[in-house]
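Remarks on the structure that follows.
What follows draws every value from the coordinates through simple rules; no lab data is involved. What you are looking at is a predicted structure, and each value in this text was computed from that prediction instead of being measured. Don't worry about glycine lacking a Cβ; one is built from the backbone with ideal geometry, like all the others, and counts go over all protein chains shown.
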Amino acid sequence: MATLLYLQSRIRRGFAGGVALSMLIGALCGFACFYRGFMEQKETEIEYTYDALPVTVVVSNPQGTQTDQLGIHDYLVNYFLSDTYVIGGKKQEVAFSSYVKDVCVKTTLYCGIPPEKNMLFADADILEGTSVSSGERLLIGITRSEAVPELNPVTGVMISYFPGWDGTVFCGEEPFCIVPRQLLEALEEGAEKREDGSFVLTLSVKASSGEKKDTEQPFLVVGSYSGDSSAIYCSWNTAAELKRRLSGWVTADSLSAVIADNRKLEEFRELLARHFAEVDPSGRRKEIKDSPTMLHYEFAATIHDEELRRTLNELSRNLKMLKFLSPFLAGLEFAVAFSAAFFAVRVRKRDLATARSLGTSKRNVVLALFAEISFWGIIGAAAAAAICRPAARTAPYGILAGILLSAVLGTVVSGYLFTGRKSIQDIKEDD
């Protein structure tokens, strides 16, 4: 009872000092919360960097000097596009294509527009000035419009699709196409349009320029594009089937993709090394490992992750420094809390000696001090945790508890020091 009465008296009489100590402990706890939040922000920035920064893989010749007109074998292209991944006749558990997205493949054929096969032409002269050469124009098969710079909006080219159609036409297997705007204007003069504005255009397709062997293929025109190019663009699957029909094999001019998950970049790099060499400016041919036929890599692949690595390295260095400083700052906070509580008791040593002189035991005095400092400390820590809660996803409960324990320890140590006989005797002598 005496201890409780003394505690109540001390809280009332030492209200200003208690509030000051509570605010100091609250400030220490608030700093700990903000520091934790700052580290979490760096961790979030690292995760965001993994998700936001695109990393591309581009196939080239072994020297790395050419990324177009490569003649890439279709089995290499299928690794990027197929849902199954077979090596040595054995199906792998994880598909190669699961590591990439937004695959850009391009292949080139040649085509003509025979008026006799297109009843929309009353006069063959309508096509004058729109051919590539000798009545031929390029027919380019792509998986995405990004596969060709000529369709890049940065160059000022705008693609206009008829209602109900969009860029996904290049991902399918149906013979859809888009044509140059000037050609569309010429065709529209005699075309029988469907309800969505599209119409059928029959092309005479060849595997290479000037070749005699050709095949006719009707295309559904679903849009047009601006610019000076005269090429007709269709889906990769349609162009591949036409190449297979004309020459018996399929090759791609260019191949690139975006890494689907940058966190699996090193895993994909090892997988990529099975099929492609690293760029070597000297042009030395590299043998395929474990190949019984001693085949050489015909193509190289480069992962352009320079920006990702540069950003991650900078963020990782900052986070590492914050983690390195964290225990030192925590120790400093503990020392400040201990010292504050210690001196808060020390300045009251005369009151403590008076209480001891009136018969209050050292144990009861220390318990009263312990309860008083704990009271103010818990209020300060709780207020700081509540105010600073949005600063961190998870409060640093260990550090907060350490700050409180340091303050309590400082109280107990100071209480025992300044309620002993020697301390009381010193006060009497001073009086």
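Prolate is the label for the range 16-61, because the ratio a/c of its alpha-carbon gyration tensor axes (a ≥ b ≥ c) is 1.5 or higher and a/b is greater than b/c. Length gained on full extension, residue 200 to residue 101, computed as 0.36 nm times the residue gap minus the Cα-Cα distance: 32.5 nm.
Measuring against 30 Å, Cα to Cα, the residue pairs 42/101; 101/212; 106/213; 264/320; 90/213; 91/206 contain 101/212; 90/213; 91/206 as the ones spanning a longer distance. Residue ranges 203-209, 238-244 sort as 238-244, 203-209 when ordered by packing (mean number of other C-beta atoms within 10 Å per residue, highest first). Maximal additional length on extending the residue 339-residue 171 stretch stands at 53.5 nm, based on 0.36 nm per residue less the C-alpha distance. Note on residue 226 and residue 383: with the Förster distance fixed at 60 Å, the Cβ-Cβ geometry gives a FRET efficiency of about 0.40.
With 0.36 nm allotted per residue and the present C-alpha distance subtracted, the residue 94-residue 209 stretch has 37.4 nm of extension available.
Across every pair of non-identical alpha carbons in the range 51-98, the mean reciprocal distance, once inverted, gives a Kirkwood radius of 12.8 Å.
If you plug the beta carbon distance of residue 326 and residue 87 into 1/(1 + (r/R0)^6) with R0 = 45 Å, you get a FRET efficiency near 0.45.
Report note on the peptides 144-153, 262-271: ranked by the mean count of other C-beta atoms within 10 Å, highest first, their order is 144-153, 262-271.
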